[in-house]
Amino acid sequence: MAGTGGRRGGRIRDADATRARILAAARTEFARKGLGGARVDAIATRARANKRMIYHYFGSKERLFEAVLEDAYLGIRAAEQGLNLDLLAPEEALETLVRFTWDYYLKHPEFLTLVNSENLHRARHLKKLPAVRAAGARLVGMVQAILDRGVAAGVFRPGIDAVQLNVTIAAVGYYYLTNRFTGSWIYERDFMDRARLDERLAFNLETILRLVRAD
């Protein structure tokens with residue numbers, strides 16, 4: 001019996017590892033080419049798997065895209081929750097969240113392109129993923145708690161909508177990075193130069209903190 005359990009456990013680990021490789025490969029392919037342009041053959045090759053295995057685990061290319069979206073959104077939401085912002089003073093907590101969001105976008109450019117791609121589909125796939133909406137609600141609750149603590153401490157002004165603030169935190173980093181090529185040409189500066197990135201983060205922090213401060 002012990003031997004049977006060991007084999008079963010090994011099969012589960014192998015299946016989990018294969019599924020993880022497929023997800024990682026699909027994330028790269030969908031981020032580069034979108035749902036329409038992505039090729040299951042390319043995903044299989046990159047994942048060191050085969051098309052049969054992909055369809056076995058995910059059913060279809062569209063359902064694989066949904067799995068990639070869910071993994072991407074839940075990944076950033078889990079990382080946000082891991083910041084333990086409730087342990088920080090309100091201003092420090094908000095600054096930490098702004099820095100984290102900027103750094104996450106820089107380290108995970110595929111997240112931005114996946115979001116762009118799903119917006120082209122009018123969130124058709126995202127609407128099938130209730131866990132993503134639930135995770136978004138937890139983020140709003142976390143930011144609302146920071147705002148409430150800031151108001152109670154007299155450092156934040158009352159009446160700030162947590163959803164609007166979340167959108168603004170995302171936007172000040174998202175727009176800059178998704179428009180880095182056009183922006184670099186139009187404004188005649190390298191948007192991705194290290195010094196320019198540091199300048200942008202400083203501007204983002206100042207923008208958000210000025211928006212919420214009581215004074």
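What to note about this one:
Results for (1) more than 14 Å from the chain's Cα centre (by Cα); (2) at pLDDT 95 or above; (3) of a type outside the set (Gly, Ala, Ser), shown as yes or no for each residue.
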| site | (1), (2), (3) |
| --- | --- |
| Lys107 | no, yes, yes |
| Arg124 | yes, yes, yes |
| Gly141 | yes, yes, no |
| Ala171 | no, yes, no |
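- Test: Ala78 is within 17 Å of the chain's Cα centre (by Cα) and surrounded by fewer than 16 Cβ atoms within 10 Å (Cβ to Cβ): yes
- Selection from the range 168-213 of residues that are closer than 21 Å to Arg157 by Cα and either touching a Phe, Trp or Tyr at 6+ places or on another chain (Cβ under 6 Å) or of a type in the set (S, T, N, Q) (or both): Thr168, Asn204, Thr207, Val212
- Residue match in the range 85-104 (condition: over 26 Å from Phe203 (Cβ atoms), of a type outside the set (Ser, Thr, Tyr) and surrounded by fewer than 14 Cβ atoms within 10 Å (Cβ to Cβ)): yes
- A Cβ distance below 9 Å, combined with a sequence gap of six or more or placement on separate chains, defines the contacts here; from the range 184-206, residues that are under 15 Å from Thr101 (Cβ atoms) reach residues that are part of a loop (DSSP other than H, G, I, E, B) in the pairs Leu197/Phe191; Arg200/Phe191.
- Check on Val132, aliphatic (A, V, I, L, M) and under 18 Å from Ala171 (Cα atoms): no
- Under the condition of being touching a helix residue (DSSP H, G or I) at 6+ places or on another chain (Cβ under 6 Å), in a helix (DSSP H, G or I) and under 15 Å from Leu106 (Cα atoms), the residues counted in the range 174-215 number 6.
- Criterion: in the same structural domain as Ala202 (by TED's automatic domain parsing), without any contact (Cβ under 8 Å) to a residue 60 or more places away in the chain and not in a loop (DSSP other than H, G, I, E, B) - qualifying residue of Glu29, Glu118: Glu118
- For the range 37-58, the candidate set comprises residues that are loosely packed, with under 13 Cβ neighbours inside 10 Å and modelled with pLDDT of 95 or more; within that set, the residue that is nearest to Phe111 (Cα to Cα) is Gly37.
- Qualifying positions in the range 85-106 - farther than 19 Å from Leu209 by Cα and without any contact (Cβ under 8 Å) to a residue 40 or more places away in the chain: Tyr104
- Filter result for Asn179 (in contact (Cβ under 8 Å) with a residue 60 or more places away in the chain and polar (S, T, N, Q)): no
The values are calculated or read from the model by the stated rules, or taken from the named source; none is laboratory data. No experiment lies behind these values; they were computed from the predicted model shown. Note that we place each Cβ from the backbone using ideal geometry, even for glycine, and neighbour counts take in every protein chain shown.
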